[in-house]
Amino acid sequence: MRPGRQGKRAITVLDRYQAIRQHSLELIRPLSAEDCGVQSMADASPSKWHLAHTTWFFETVVLQCHVPDYEPYDPAFAFLFNSYYNSLGDRHARPARGLLTRPGLAEIKRYREHVDQAMFSLLREPDDAVLRLSEIGLQHEQQHQELLLTDIKHAFSCNPLLPAYQVAPPAAPPSTLVEARWKPFEAGVYPLGHTGPGFAYDNETPAHSVYLHDFAVSERLVSNADYAEFI
């Protein structure tokens, strides 16, 4: 690969890495340390576990494989924060993640800083393998950002005080909404699946054709008012 092109890609990935990692911390800003440790059901995870698990991915899959002198923050974290990666070792039982009062939230933030500093150095001059694995790690962290919000909102729903994750923004007056218009599509064969050089998970391939009956799609996003009326 030509140096100029590699440098351009490296800056892009480094910028995205910093932004996505910071966004995870922004998501827990409205939460207390106690909020971040709660697990409301076996299928959910504490917020601090999401922060640690996404960090574990970069440490285990990227840094330990591509930085010869890298020293893990804490070897015990490999067991605590693995999820279902069988080839990477054993793991703490998922239903018991809420019992991990330690490490605390502050320690997990220090863990993230340790890994981030190593990743910043690596992403300044990455090779293709590092870029590919880092992209997977970023997509993986964005998935966990959605899970973090889902899990904490479920935990709050179990609290009789009915706490809110954040103050709701003022609702837009119904008169400001654009009337929904529908774009019709005729029945026929349509392509589905990922094509092209960009990132995709394995369940988005291979590209294939499917037959669809007549359908229509709204030309604007669904509003809360639309959903309330549907309910």
- Message: Tally up the residues in the stretch 110-125 that are under 11 Å from L51 (Cα atoms) and under 17 Å from the mean Cα position of the chain (by Cα), please.
- Response: 1
- Query: Is there any pair linking a residue in the stretch 152-166 that is under 21 Å from S24 (Cβ atoms) to one that is among the hydroxyl-bearing types (S, T, Y) and assigned to a loop (DSSP other than H, G, I, E, B), with Cβ under 9 Å and at least six apart or on different chains, and which?
  - Reply: I152/S40; I152/Y165; K153/Y165; H154/S40; A155/S40; F156/S40; F156/Y165
- Note on the structure: A118: passes all of (1) touching a residue at least 60 places away in the same chain (Cβ under 8 Å); (2) open to solvent by less than 50 Å² (accessible area, probe 1.4 Å); (3) assigned to a helix (DSSP H, G or I) but (1)
- Leading residue by the ranking (modelled with the highest pLDDT) among those in the stretch 121-149 that are open to solvent by less than 70 Å² (accessible area, probe 1.4 Å) and in a loop (DSSP other than H, G, I, E, B): L123
- Odd one out for A200 among (1) modelled with pLDDT under 95; (2) open to solvent by 90 Å² or more (accessible area, probe 1.4 Å); (3) assigned to a loop (DSSP other than H, G, I, E, B); (4) out of contact with any Lys or Arg (no Cβ under 8 Å at 6 or more places or on another chain): (2)
- Query: Of A155, A187, which residue is hydrophobic (A, V, I, L, M, F, W, C), farther than 23 Å from V62 by Cβ, out of contact with any helix residue (DSSP H, G or I) (no Cβ under 6 Å at 6 or more places or on another chain) and open to solvent by 40 Å² or more (accessible area, probe 1.4 Å)?
  - Reply: A187
- Message: So if I check each of A76, A172, which one is modelled with pLDDT under 95 and surrounded by fewer than 16 Cβ atoms within 10 Å (Cβ to Cβ)?
- Response: A172
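Residues are listed down the side, and each one gets a yes or a no for (1) open to solvent by less than 40 Å² (accessible area, probe 1.4 Å); (2) more than 18 Å from the chain's Cα centre (by Cα); (3) at pLDDT 95 or above:
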residue	(1), (2), (3)
R2	no, yes, no
K8	no, yes, no
V13	yes, no, no
S24	yes, no, yes
E34	no, yes, yes
M41	no, yes, yes
- Task: Quickly run through the stretch 197-221 and pick out the residues that are within 22 Å of Q143 (Cα to Cα) and not polar (S, T, N, Q).
- Result: P197, G198, F199, A200, Y201, D202, E204, P206, L221
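Say we look at the stretch 104-129 and pick out the residues that are touching a Leu at 6+ places or on another chain (Cβ under 6 Å) and not small (G, A, S); which of these is farthest from S47 (Cα to Cα)? Working first, answer last.
First, pick out the residues of the stretch 104-129 that are touching a Leu at 6+ places or on another chain (Cβ under 6 Å): 108, 118, 123.
In the following step, the residues that additionally are not small (G, A, S) were identified as 108, 123.
Details: I108: 11, L123: 27 Å.
Among them, the one singled out is L123.
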- Looking only at the stretch 49-59, decide whether some residue is open to solvent by 50 Å² or more (accessible area, probe 1.4 Å), of a type outside the set (A, V, I, L, M, F, W, C), touching a helix residue (DSSP H, G or I) at 6+ places or on another chain (Cβ under 7 Å) and within 12 Å of M119 (Cα to Cα). no
- Query: Quick one: what pairs do we get from the stretch 97-115, first residue under 18 Å from L148 (Cβ atoms), second among the hydrophobic types (A, V, I, L, M, F, W, C) and open to solvent by less than 30 Å² (accessible area, probe 1.4 Å), C-beta under 6 Å, 6+ apart or different chains?
  - Reply: R97/W49; L105/C36; I108/L51; I108/A52; V115/F58
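Having 3 or more residues that are of a type outside the set (A, V, I, L, M) and in contact with an Asp or Glu (Cβ under 9 Å, 6 or more places away or on another chain) is the bar; report the helices (runs of 4 or more DSSP H) wholly within the stretch 18-105 that clear it.
Values: elements: 33-37, 47-57, 77-80.
Helices (runs of 4 or more DSSP H) meeting the threshold: 47-57.
The values are calculated or read from the model by the stated rules, or taken from the named source; none is laboratory data. Predicted model, so just to flag it, every value in this text is computed and none were measured. Positions of Cβ are generated from backbone atoms using ideal geometry, with glycine treated the same way; all protein chains shown enter the neighbour counts. With ligands, DNA and RNA removed, areas are computed over all heavy atoms of the protein, side chains included. Shrake-Rupley method; radii C 1.70, N 1.55, O 1.52, S 1.80 Å.
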